[in-house]
Amino acid sequence: MADPRPFVIVVGAGVLGLTTAVRLQKSSRFQVALVGEVLPSDPINIRWTTGLTNSIFVHSNHQEDQWMHRVEQESFDHLWAMSEPQSDSAYCFTCYQHQEYRSLPIQPNRTLPLFASLSSAQDTQSLGIGCSFQTLCVDYEKYLAFLLQDFLMDGGQVIRGSIRHIDQVIEGGTAIFHEGTRHGRESRTPSAVIVCTGFGSRFMAGVEDRDVCPVRREALVLKAPWITTGVSVERADMSIWIAPRNDGQVIVAGNPTFNDWFPKHHTSTRTTLLPLAVELCPDLVPLIARDASQERRNESIRSLIVSEGCDIFDSRAGGPRLESTLRGSTRLVFNYGHGAYALQRSWGCALQVERYLTEPIR
């Protein structure tokens, strides 16, 4: 018997696409197929965001933007619930205390637990205006694998496929990926197609959004289990954050660079990023070397490096695209351009996509 629910195709299996697919499938209102050229189970490559450099939920000055505040509030609430000890997904998260410094005044944040403004102590004046809050660090690899498994367990369909023009799936559904298939679930015409193609939105025909541009960020992974709190600086001249994970590793993410297409981390990353990290968090230096010579300290901190990597995000001039329209009789929803905030907005955006599919287009 054919599934009577509307058939929805989500294009793109990154954190936004996966989250959207999970949300729609769990609602029981839709039968969802997730189509991705790259899937979470694939080896890490530059076409797939590793999550090293966007795996924390940070403070943002979006409190006056009601739409953005709602999206981030809904996302944090859901992620925080997923991190609870009794949750099946708790192993994907590390909850910790974080300090953040900015050059501009920091607005009180109603989203993050235990948010407090910091006094301008002498040793932090050079960093900027500070605040403190509880937040999350996500193990991206484990988290995306959990979402994928959750989606499949709820009856979702995952298809590896490459799409040249968005009209291919609007007109042919998922049958275009199964040669010879002309009947059954795969041949259904979708009632909606959700475009979560990230940086691919710049090149996919039928979308071709030239406002999408790359933002590249490098990161180091250190083995430093004694670090249990995080810190970050967001200024015009510096953007760096340090966050612990529950496996004893610490992520150090460096300055983002715009319109940077380089597909690998630079060999100079450890030379430039490590000194900044130690300046921001002196406790990164192992206890045994803290009173040693500078050369010994440098050697000690370099020995902590587990891996190096980089991510390329889909930033967008004019802000992210989250909107709904009609292409013929098919609802077409765009959800991309969030840059390094994709995780931070993922569940809120998924809820908005669901609202689009259950409300008439105005």
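Listed highest first by mean packing, meaning other Cβ atoms within 10 Å per residue, what order do 127-138, 158-169 come in?
Highest-to-lowest ranking by the protection proxy: 127-138, 158-169.
List the residues whose amide H sits under 5 Å from the amide H of residue 266, counting only those 5 or more places along or on another chain, with H placed 1.01 Å from N in the peptide plane.
For residue 266, no residues qualify.
So if each residue of separation counts as 0.36 nm, and I subtract the Cα-Cα distance between residue 255 and residue 355, what length gain in nm does that give?
32.4 nm
So which trypsin sites (Lys or Arg not before Pro) in segment 219-315 pass both tests, a DSSP loop state and at most 16 other Cβ atoms within 10 Å of the Cβ? Please report the intermediate quantities before stating the final value.
Values: sites: 223, 235, 245, 264, 270, 290, 296, 297, 302; in loops: 245, 264, 290.
Sparse-neighbourhood loop trypsin sites (Lys or Arg not before Pro): 264, 290.
Calculated from DSSP H runs of 4 or more alone, at -39500 (n - 2.57) each and per residue, what is the 222 nm mean residue ellipticity of the chain, nearest 500?
The helix contribution divided over the chain gives -7500 deg cm²/dmol.
Would you grab the residues whose amide H sits under 5 Å from the one on residue 57? Only those 5+ places off in sequence or on another chain, please, with H modelled 1.01 Å from N.
Sorted by chain and number, the residues that satisfy this are 136.
Determine, from the Cβ-Cβ distance of residue 134 and residue 211 and an R0 of 25 Å, the FRET efficiency 1/(1 + (r/R0)^6), rounded to the nearest 0.05.
After rounding to 0.05, the efficiency reads 0.10.
Between residue 237 and residue 223, what is the spin-label point distance in nm, taking each point 7 Å from the Cα along the Cα→C-beta axis?
Between residue 237 and residue 223, the label points sit 3.6 nm apart.
Report the residue, chosen from 25, 99, 294, that carries the largest GNM mean-square fluctuation when the chain is represented by alpha-carbon nodes joined by springs under 10 Å.
Judging by the Gaussian network model, the answer is 294.
Could you compute the FRET efficiency for residue 203 and residue 283, with r as their C-beta to C-beta distance and R0 at 41 Å, rounded to 0.05? Before the final figure, lay out the partial values.
Details: r = 44 Å, r/R0 = 1.07.
Efficiency computed from Cβ-Cβ geometry: 0.40.
Under 8 Å for C-alpha pairs, at least 6 residues apart: give me the relative contact order for the chain, rounded to a whole percent. Display every interim value, and only then the final one.
On the way: 744 pairs, mean separation 86.3, N = 362.
For the chain, the relative contact order is 24 percent.
Using the basic label-point model (7 angstrom from Cα toward the beta carbon), what is the residue 67 to residue 264 distance in nanometres?
Rounded to a tenth, the inter-label distance reads 4.1 nm.
How large is ³J(HN,Hα), in whole Hz, for each residue of segment 340-347 in order, when computed from phi with the Karplus curve 6.51 cos²θ - 1.76 cosθ + 1.60 and θ = phi - 60°, using x for Gly and Pro?
Ordered by residue, 3J(HN,Hα) equals 6, 9, 4, 5, 5, 10, 4, 6 Hz.
Using a simple spin-label model with points 7 Å from Cα along the Cα→Cβ vector, what separation in nm is obtained for residue 191 and residue 87?
Output for this residue pair reads 2.9 nm.
A short reminder: the numbers here are calculations on the coordinates, not readings from a lab. Just so we're clear, the structure is a prediction, and the values are computed from it rather than from any experiment. Positions of Cβ are generated from backbone atoms using ideal geometry, with glycine treated the same way; all protein chains shown enter the neighbour counts.
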